[in-house]
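First comes the structure, then the notes that go with it.
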Amino acid sequence: MRSWWCAAAMLLFAGGALAQDAPIESGPTDAPQPDKSVRDAEFGVVARHYGLERLVEMYQWRMDGSGYVRAWSAQPIDSAHFPPAQANPAFPLQSRRWLAKSISIDGKPLDPAVLAALGQWRDFRPSFSSLPGNLAVTFQPEGDGLGSAENPLDPQVGDLRIRWRELVLPSLQDRVVLRDGRWRLPARQPATAPDPGNQRANTARNTRLHSAPWWFGGGAIVVLIAALAARRRRRARRRRPRRAARARPRGGLAVDRPDARVRGWRRGSRRPVRSVTSCSTTA
């Protein structure tokens, strides 16, 4: 019985310890904040997040088998060996990328490795309200960006089209840890953002793990109560023979009635005792 009580006590202690000391990682509470907005000063485009990229394409000649065709390309196509009629003009504008120099969360700096690993580029349409006057004469809105073609459906060699992308971050809850005063990736953080389906499954599994200690604690209490009740019943059974022995008269004689005649053996002696007759007296 003592072993049962010890096991129940240990289980109760372990359940309470797990319930109170289960490690729950606390992530950042605020959204990341760049030190200042990133911008493409030439076109007056400002990014709302942590990076800005300008993508420039030019309509050029390129070889296609034994002939030449026109196509959009983000890289200059060398036409030095092309016929004069298929010569490409110089690429006047280059693609560029700007990144926020410093990003902080809850007043603590964010490690650049987090931005490199989890950052995602997505297209966005600027307002072009700050487009300089000289560029406003050359470019006009086309799709989500700008184009220099007079007729976007019939571009000519040398025409440009420009679009922009911004760098965003997913929710960093449970993806970064505060270590050495800086928000960093965990030791085994994957290089790409986790799939949302896997994230939901991991969240459900972590919830079950965090709630499990409460079940262990409740089960331990039930086992402890049952063990204590069984121990009390066993003690009660042990006390019954002792009480009966105390109620029996000395000398080993059991008298059922006052007028009973009983023969017996005196306790601790081999000689039989005399017959004892108990008679009621009359006044």
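At R0 = 22 Å, how high is the FRET efficiency between Asp35 and Ala117 if r is their beta carbon distance? Nearest 0.05 is fine.
0.65
Arg62 to Arg179: extension gain in nm, 0.36 nm per residue of separation minus the Cα-Cα distance?
That works out to 36.9 nm of additional length.
Going 7 Å from the Cα of Asn134 along its beta-carbon direction, which residues of segment 59-102 have the amide nitrogen within less than 16 Å of the resulting point?
Of the residues in segment 59-102, 92-94 have backbone N under 16 Å from the label point off Asn134.
For Asn151 and Val69, compute 0.36 nm times the residue count separating them, minus their Cα-Cα distance, and round to one decimal in nm.
Gain in length upon complete extension: 27.6 nm.
Give the Rg (one decimal place) followed by the Dmax (whole number) of segment 59-152, computed from C-alpha coordinates and expressed in Å.
In order Rg, Dmax, the Cα atoms of segment 59-152 give 19.5, 61 Å.
Bear in mind that the values in this text are calculations on the coordinates, not laboratory data. Note that this is a predicted model, so its numbers are computed, not measured. No Cβ is skipped: glycine too gets one built from the backbone with ideal geometry, and neighbour counts run over all protein chains shown.
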